[in-house]
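The values are calculated or read from the model by the stated rules, or taken from the named source; none is laboratory data. These numbers were taken from a predicted model, which means no experiment stands behind them. All Cβ positions, glycine included, derive from the backbone under ideal geometry; neighbour counts span all protein chains shown.
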Amino acid sequence: MMQKIWFPSKVFDLGKENTIDTLHINNFNNNDISIPLFSIFLSNNNQDWVCYYTQPSHHWDNPTEFDIHLSKKVQAQYIKFQLNSKGNLDKLEITLDNNHIDNNEEIINISSFIEKTKKEAANSRVVISTLFNESDDYLMLYINNFLFFTPENVILILNFPHNRPIPKAALTISDRIIIINGGFKRHKWGNTLLLGHLETLEYAKNNLVFDYFCTMASNSLFVRHLTISSILNQLNQKTLTPIASQRSYDYDVDLDAEITTNHGTWMWHHYKSLPQLKEHIINEIGLTRISATQIEGLFAHKKDWFLILEKVEEIKNLAPFLSSHFFVALEEVIPISIFNQFGSGYYTHICFMLWTKPNYLIEIKEILSIGSQLPDHISSIKWFPRDCYASTTLAVCTSWGRQLIGLEKKERLPNKLQASIILNDFLQAIKSRIQTLPLTEKWKPDKKKLALDFHWNYNNYPVERQRFYLDIGQPFTDSEDPETGPAHLFFENTNHLVDLSLFLIEKKNTCNILRYFCLSFDAQKKTLVSNISELEGYLYLSSQQKNKSIKISIDKNKMNNYHHYQKLFERFVEHTNIEGPHNYFVRNWDLKEENENKIDYYFLNCQCIGTPIISNNLIEVEMSIF
């Protein structure tokens, strides 16, 4: 089987301009295609292209041989077949079938069509809305990313929480950057994210001249230049679902608002469990057909968005019918449902969602392999870490990062080999200067800088989703993390009883050795749970120092059957003081180095890390800060 690549395309030269009515596709081989998503582009010069046909369905018939009938006949010399997924097109063949051409039909010249679209794009103004609740440092990176990858006729409006101060420095960077304070306290689920974007839209309506409006997320970053003409070309395809989506929305669009289906998104099951919400959407908002797709990168004409703004009071009034048990993401439902029922139905998405990765977060290699090959109208990717120290974020949000990976052209690094040699030399020099300290270094009393060793022992302790603070032998009233203190356990909800013995030992003033053993018992039978290791909770240890990084090392030989439980052990969790429904989230390492016997995990700018407590296993890790 041939190697599959992201978004491959194949160009066919007809030799001269031809009138195109029907394309006959052959050797569209199922074995070479991940998902049968594709677009047909036309050109007269093999440089300027227009999207003229799109197949967006995951559940398309996917035959090896088929015909594509163009809705309007067109004159062009070049045909480009682009796969909007992963695959290989080496065997693909295209021939023309013009037996159905009516000489009285209007025939579009592709060059004229492209010039018309370019002119419209140049005269259009776009407003992008981002709801922003990240750090000021990340704000500056986000703005840098936007300004580099977007043209002068695109404006970014950042919607801050209602009481958050706006940094003056961010307001003076560019007149294309606007920051406002929203009036709604926003939550992950419900109607508040949509209301936040509608606040931005209303501000734009009252203060700006613009033509198109687009919603973006703070962890969606641009990886290529936004091209308005390509977006307008795709907009004309009037597809119901996002182009190139790895996740199928085929069973989530154009549904009866009563929703009787058992297919599609999990959200429909929640929606059916909230009859008052459903009744309000049907009777007050007036929707008889509903759809759900992504809100990230949703791009449409302002006239369509204004139809949603007219329903803002009805959207606000959805609040009493929401439930914390049956959460729904209404920002993914209401906009396109209104576009389709009351508006033009023309919309598209300019953000690619990385659904297929286990942790979703993008890596440098994917910026290079996916980013440069994205369909022309897509210019951003989600998910990026909202982290000022993450390599991927810095790679697209700083000038030097973009230069290193070739997104910004400079003469400083003439070729890739020289760049890799320089970077390797820098890396070795920097690593040689890293000095590690014990994570417990700040736990010591000021007057007694002695090594601190701890032993915590608990028997028959219930595992019922509770937090338990560990005694470190001294008060910590001046803690940098007063909510958690230096050490605490946060258990899962397995309903087991555990015997847990924890040792934390300082080693040569450079690191700590954490060693623990956990046995799990059935709470009812009082018998040992099977030999299978399970996640019982997390041990959170805080360095009590800001702007420090944490290194965790494990010797594979000191953990039973390490390779079998590696994924379970690698589920590290971080505690932060950022406002939200909870302050714990899975933390991916910023760097992982592995050899035959040892693995080192590095967590940049991390104050409090949670290490998994795994039952029926002896665990030993080394922890340090730098």
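Figures for the structure shown
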read-out	value
Cβ-Cβ under 6 Å pairs, at least 6 apart or on other chains, the stretch 36-48 side outside the structural domain of Thr227 (by the TED database), far side charged (D, E, K, R)	Phe41/Lys80
Count of the stretch 436-471 residues which are aliphatic (A, V, I, L, M) and at pLDDT 85 or above	4
Among the residues listed as Ser549, Ser479, Ser543, the single one being of a type in the set (S, T, N, Q), out of contact with any helix residue (DSSP H, G or I) (no Cβ under 6 Å at 6 or more places or on another chain) and at pLDDT below 85	Ser479
Test result for His280, farther than 21 Å from Pro36 by Cβ and touching a helix residue (DSSP H, G or I) at 6+ places or on another chain (Cβ under 8 Å)	yes
The stretch 258-269 residues that are in contact (Cβ under 8 Å) with a residue 12 or more places away in the chain and within 15 Å of His59 (Cβ to Cβ), paired with ones that are among the polar types (S, T, N, Q) and in a loop (DSSP other than H, G, I, E, B) (beta carbon under 9 Å, 6 or more apart)	Gly264/Ser248
Within the stretch 26-50, tally of residues that are over 28 Å from the mean Cα position of the chain (by Cα) and charged (D, E, K, R)	1
Lone unmet requirement of (1) farther than 30 Å from Ser34 by Cα; (2) part of a loop (DSSP other than H, G, I, E, B) for Thr356	(1)
Those residues of the stretch 360-381 which are modelled with pLDDT under 90 and either polar (S, T, N, Q) or in the same structural domain as Ser85 (by the TED database) (or both), in sequence order	Ser369, Ser372
Which numbered condition Asp48 misses (of (1) touching a strand residue (DSSP E or B) at 6+ places or on another chain (Cβ under 7 Å); (2) surrounded by fewer than 20 Cβ atoms within 10 Å (Cβ to Cβ))	(1)
Residues located in the stretch 133-155, provided they are of a type in the set (A, V, I, L, M) and touching a residue at least 40 places away in the same chain (Cβ under 8 Å)	Leu141, Val154, Ile155
Residue ID - surrounded by the fewest Cβ atoms within 10 Å (Cβ to Cβ), chosen from residues in the stretch 218-262 that are touching a strand residue (DSSP E or B) at 6+ places or on another chain (Cβ under 8 Å) and assigned to a helix (DSSP H, G or I)	Leu235
Which numbered condition Val154 fails, given (1) of a type in the set (A, V, I, L, M, F, W, C); (2) modelled with pLDDT of 95 or more; (3) farther than 16 Å from Thr227 by Cβ	(3)
Every pair of residues 6+ apart whose Cβ atoms lie under 6 Å, when the first sits in the stretch 4-20 and is within 30 Å of Gly371 (Cα to Cα) while the second is in a loop (DSSP other than H, G, I, E, B)	Lys4/Asn88; Trp6/Ile370; Pro8/Leu89; Lys10/Leu89; Lys10/Leu92
Test: residue in the stretch 114-137 that is closer than 16 Å to Cys397 by Cα and assigned to a helix (DSSP H, G or I)	yes
Among (1) assigned to a loop (DSSP other than H, G, I, E, B); (2) in contact (Cβ under 8 Å) with a residue 60 or more places away in the chain; (3) hydroxyl-bearing (Ser, Thr, Tyr), the one test that Thr215 misses	(1)
